[in-house]
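The values are calculated or read from the model by the stated rules, or taken from the named source; none is laboratory data. Just so it is clear, the structure is predicted and the values come from calculations on it, not from any experiment. Glycine gets a Cβ as well: all are built from the backbone with ideal geometry, and neighbour counts include every protein chain shown.
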Amino acid sequence: MTRKLNPAHCSALMRMVNQSAYFAYTGIHLVRLDHGYAAVEAEITEQLCNPFGTVHGGVYASVIDTVTYWAAYGNRDEDAGFTTLDLQVNHLAMAQKGKLLATATAVKEGRSVCLCEAVIEDETGRILAHGTSKLLILEGRQRIGDALQYLGFPPLPPKFLPHQKS
């Protein structure tokens, strides 16, 4: 049986993540978090563009790396962290304005590695990039508690709701 994510945890986590320096700099916002699923958005700004006025390919890589991390996060215990082992990015179309909308799902989770898949679309639904990420599961390392401490945030509500008897 899948444990139910605590909405209060997800809301507080998204606030913390979205206020972090990297997210603030890139304009990436975590907008949805669930079991094996995440969604992020980023407004296309001049700082995300290459000299030709289109989104830099490294931005697609960063967005895919980010959204796949959070897709994996929803399935693991609170003391688990992740680090990217392998990131594959397929650049499919250019974008110059609007928003990048990325979604990711956890395809397969093993004891030590999680495979996630992501798609970045523009606001019309046109696919801009597709990618996969293999994440190493780090039990007890690179935990959310470590990020909270680094960023000076208070503890989050529990990640999962208590089991309810039917």
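Out of the residues in segment 28-49 that are closer than 19 Å to Cys10 by Cβ and among the acidic types (Asp, Glu), which is surrounded by the most Cβ atoms within 10 Å (Cβ to Cβ)? The extreme case among them is Glu41. Checking each residue in segment 108-144 for being out of contact with any Ser or Thr (no Cβ under 7 Å at 6 or more places or on another chain) and farther than 22 Å from Ile28 by Cβ picks out Lys108, Glu109, Gly110, Arg111, Ser112, Val113, Glu139, Gly140, Arg141. Residues that are in contact with a strand residue (DSSP E or B) (Cβ under 8 Å, 6 or more places away or on another chain) and closer than 14 Å to Val17 by Cα within segment 145-160 comprise just one, Asp146.
Taking Ala38 as the residue in question, decide whether it is at pLDDT 95 or above, of a type outside the set (Ser, Thr, Tyr), closer than 24 Å to Pro158 by Cβ and part of a strand (DSSP E or B). Answer is yes for this residue. Just checking, which of Arg15, Arg111 is free of Cβ contacts under 8 Å to residues at least 40 places away in the same chain and part of a loop (DSSP other than H, G, I, E, B)? Of the residues listed, the single one that is free of Cβ contacts under 8 Å to residues at least 40 places away in the same chain and part of a loop (DSSP other than H, G, I, E, B) is Arg111.
The C-beta contact set for segment 62-77 (first residue farther than 14 Å from Ile120 by Cβ, second residue hydroxyl-bearing (Ser, Thr, Tyr) and modelled with pLDDT of 95 or more, distance under 8 angstrom, 6+ apart or interchain) comprises Tyr69/Thr84; Tyr69/Ser133; Gly74/Tyr37.
So for segment 50-67 (the condition being in a strand (DSSP E or B) and buried (at least 18 other Cβ atoms within 10 Å of the Cβ)), does at least one residue qualify? Scanning segment 50-67, I find at least one residue that is in a strand (DSSP E or B) and buried (at least 18 other Cβ atoms within 10 Å of the Cβ), so the answer is yes.
The residues of segment 135-155 that are touching a helix residue (DSSP H, G or I) at 6+ places or on another chain (Cβ under 9 Å) and part of a strand (DSSP E or B), listed by number, are Leu135, Ile137.
In the condition set (1) without any contact (Cβ under 8 Å) to a residue 60 or more places away in the chain; (2) under 19 Å from Gln149 (Cα atoms); (3) buried (at least 19 other Cβ atoms within 10 Å of the Cβ), Ala24 is compliant with all but (3). Could you tell me whether any residue of segment 112-135 is among the aliphatic types (A, V, I, L, M) and closer than 20 Å to His9 by Cα? Among the residues of segment 112-135, not one is among the aliphatic types (A, V, I, L, M) and closer than 20 Å to His9 by Cα, which makes the answer no. Scanning segment 123-133 for residues that are surrounded by fewer than 18 Cβ atoms within 10 Å (Cβ to Cβ), in contact with a strand residue (DSSP E or B) (Cβ under 9 Å, 6 or more places away or on another chain) and touching a residue at least 12 places away in the same chain (Cβ under 8 Å) yields Glu123, Ile127, His130, Thr132.
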